[in-house]
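Have a look at the structure below before the remarks.
The values are calculated or read from the model by the stated rules, or taken from the named source; none is laboratory data. Note that this is a predicted model, so its numbers are computed, not measured. Cβ atoms come from the backbone with ideal geometry, glycine included; neighbour counts cover every protein chain shown.
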Amino acid sequence: MYLTQNKLKFGIQNGLNVARAGYTEDQILTACMLADKTGYDSIFYMDHTNVPQWKNAIVLDPWVMLSAIAAVTNNVELGTCVTDAIRRHPSNIALAAITLDRVSKGRAILGIGAGEAQNLKEFCIPFEKPVSKWEEQIETIHTLYKSTPDDTVNYDGKYYKLEGACLQAPPIRKPRPPTYMAAGGTRTLALTGKLGDGWLPIGYTPELFEDHAKQIQKSMDENNRTQEEKDNFQYALDIDVYFSEDAEESWARMKEAVKVSLFKPEILRVHGLKEIEGFDFRKYFTEYSMSNQDWIVKMREAATKIPEPVARSSTAVGTPDDIIPTFERFMDAGVNHFVIRFWGKNYFGSIDKFASHVMPALREKAKQ
């Protein structure tokens, strides 16, 4: 069964795609204005410190860029994809989200994850107990959203504490700017069901998305989330799109990167694939950095074990007619908010082509 039209959303992601291409601030703003005018529902911006594997990339602060985007758009929601929570104090994140919400007149989304080593290691930021800290960070942020000078708040966590604290700018969105959580493991998925207003993963097949969505729904039931919270929950997906008249040629160029993004224990489990001997996933996520060539080689070698059909099911490559079935399969798996990274030379043309030729077809399918 497809989702109803009013629940199906489409957004663009200004992430590794625009960083690698070296787009300037003005080019990014132009793309965002185009997305706003052509019917997209959201614009997201990545939160990375750098991407040293691409020395000519341009990497910018998401909160500053999203505020600039807010000034030149009128309709789209604006969110981080995703903020590395462990690099900032919760009060800083809460105030940034509130500020974006106010300057955008109530369009902010807080996309937030527990963190990853590639944003931390070279900057000597400790990466210890990230999930436990992430839980407390989100609880602290939500608590601060409700604070005022006349109604200060307290929080007594193991890693974060508040004592009579307050912020002095209430958000416009009620009850708060929605929190989209980046989760992909049993514990983080459970926390998403407990605390999140949305879920925003990357590197998924339809089968894995459906499996993990069920885990979130189970957690929502266990944590007594209201029916309204369940109905409004956003099952988002960060998905890659590469328009091409020759799908096979384009897939050949990008399949290695796609397989690397999919190489994770949960993909192996859901698709019945054997674990790769000698590869430590936990160490990869807690110690890996993009400047470490040894790790990059190990990852690429291991990722070749991902079967071609599994990898291809995660990514939309080809003409508009070619990619529509990929989106339909994810809709069947439960996605109701697509966050799209367009790859290729014609970024602006891809934004327009998707809006003109793909979105109408999928919205029509959503009515069936």
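For residue 152, the criteria (1) more than 30 Å from residue 343 (Cα to Cα); (2) in contact with a Pro (Cβ under 9 Å, 6 or more places away or on another chain) hold in every case but one, which is (2). If only residues of segment 157-195 that are of a type in the set (Ser, Thr, Tyr) and in a strand (DSSP E or B) are counted, the one that is surrounded by the most Cβ atoms within 10 Å (Cβ to Cβ) is 180. Of all residue pairs spaced 6 or more apart or on separate chains, those with beta-carbon atoms under 6 Å, a first member in segment 216-244 that is touching a residue at least 24 places away in the same chain (Cβ under 8 Å) and farther than 27 Å from residue 257 by Cα and a second member that is crowded, with 19+ Cβ neighbours inside 10 Å and of a type in the set (Val, Ile, Thr) are 216/192. Looking at 18, 64, can you tell me which residue is closer than 30 Å to residue 146 by Cα and either in a helix (DSSP H, G or I) or basic (Lys, Arg) (or both)? Being closer than 30 Å to residue 146 by Cα and either in a helix (DSSP H, G or I) or basic (Lys, Arg) (or both) holds for just one of 18, 64, which is 64.
You will find that of 12, 58, the residue that is of a type in the set (A, V, I, L, M), at pLDDT 95 or above and either in a loop (DSSP other than H, G, I, E, B) or under 17 Å from residue 339 (Cα atoms) (or both) is 12 and no other. Filtering segment 133-156 to residues that are surrounded by 15 or more Cβ atoms within 10 Å (Cβ to Cβ) and over 23 Å from residue 229 (Cβ atoms) leaves only 133. Pairs are defined by a Cβ separation below 8 Å, a sequence spacing of at least 6 or placement on different chains, a first member in segment 248-260 that is in a helix (DSSP H, G or I), and a second member that is hydrophobic (A, V, I, L, M, F, W, C) and at pLDDT below 90; the pairs so defined are 256/303; 259/303; 260/299; 260/303. Scanning segment 86-113 for residues that are of a type in the set (A, V, I, L, M, F, W, C) and surrounded by fewer than 24 Cβ atoms within 10 Å (Cβ to Cβ), we see that the one that is modelled with the lowest pLDDT is 86.
Counting the residues of segment 105-137 that are closer than 16 Å to residue 93 by Cβ and part of a helix (DSSP H, G or I) gives 7. Against the test of being basic (Lys, Arg), closer than 23 Å to residue 175 by Cα and out of contact with any strand residue (DSSP E or B) (no Cβ under 9 Å at 6 or more places or on another chain), the options 105, 133, 129, 121 yield a single qualifying residue, 105. Answer yes or no as to whether residue 140 is farther than 30 Å from residue 72 by Cα and not in a loop (DSSP other than H, G, I, E, B). For residue 140, the condition - farther than 30 Å from residue 72 by Cα and not in a loop (DSSP other than H, G, I, E, B) - is met.
Inside segment 55-83, residues that are in contact with a Gly (Cβ under 9 Å, 6 or more places away or on another chain) and surrounded by fewer than 22 Cβ atoms within 10 Å (Cβ to Cβ) make up a count of 4. Across segment 304-327, the number of residues qualifying as of a type in the set (S, T, N, Q) and buried (at least 16 other Cβ atoms within 10 Å of the Cβ) comes to 4. The residues in segment 337-350 that are surrounded by 20 or more Cβ atoms within 10 Å (Cβ to Cβ) and either of a type outside the set (Gly, Ala, Ser) or in contact with a Ser or Thr (Cβ under 8 Å, 6 or more places away or on another chain) (or both) can be counted, and the count is 8. Considering (1) within 19 Å of the chain's Cα centre (by Cα); (2) in contact (Cβ under 8 Å) with a residue 12 or more places away in the chain, the lone condition that residue 64 does not fulfil carries the number (2). The set of residues in segment 338-368 that are touching a residue at least 12 places away in the same chain (Cβ under 8 Å), among the charged types (D, E, K, R) and more than 18 Å from residue 321 (Cβ to Cβ) comprises 341, 367.
Of all the criteria given as (1) closer than 29 Å to residue 296 by Cα; (2) modelled with pLDDT under 95; (3) surrounded by 16 or more Cβ atoms within 10 Å (Cβ to Cβ); (4) of a type outside the set (Lys, Arg), the one not satisfied by residue 3 is (1). Looking at the structure I just gave you, is residue 129 at negative phi and basic (Lys, Arg)? The answer is no for residue 129.
Cβ-Cβ contacts under 8 Å between residues 6 or more apart (or on different chains), taken from a first residue in segment 162-188 that is more than 21 Å from residue 83 (Cα to Cα) and of a type in the set (A, V, I, L, M) to a second residue that is modelled with pLDDT of 95 or more and assigned to a loop (DSSP other than H, G, I, E, B), are listed as 165/147; 165/152. A single entry from 204, 235 fulfils the requirement of being of a type in the set (Phe, Trp, Tyr), farther than 19 Å from residue 131 by Cβ, in contact with a Ser or Thr (Cβ under 9 Å, 6 or more places away or on another chain) and modelled with pLDDT of 95 or more: 204.
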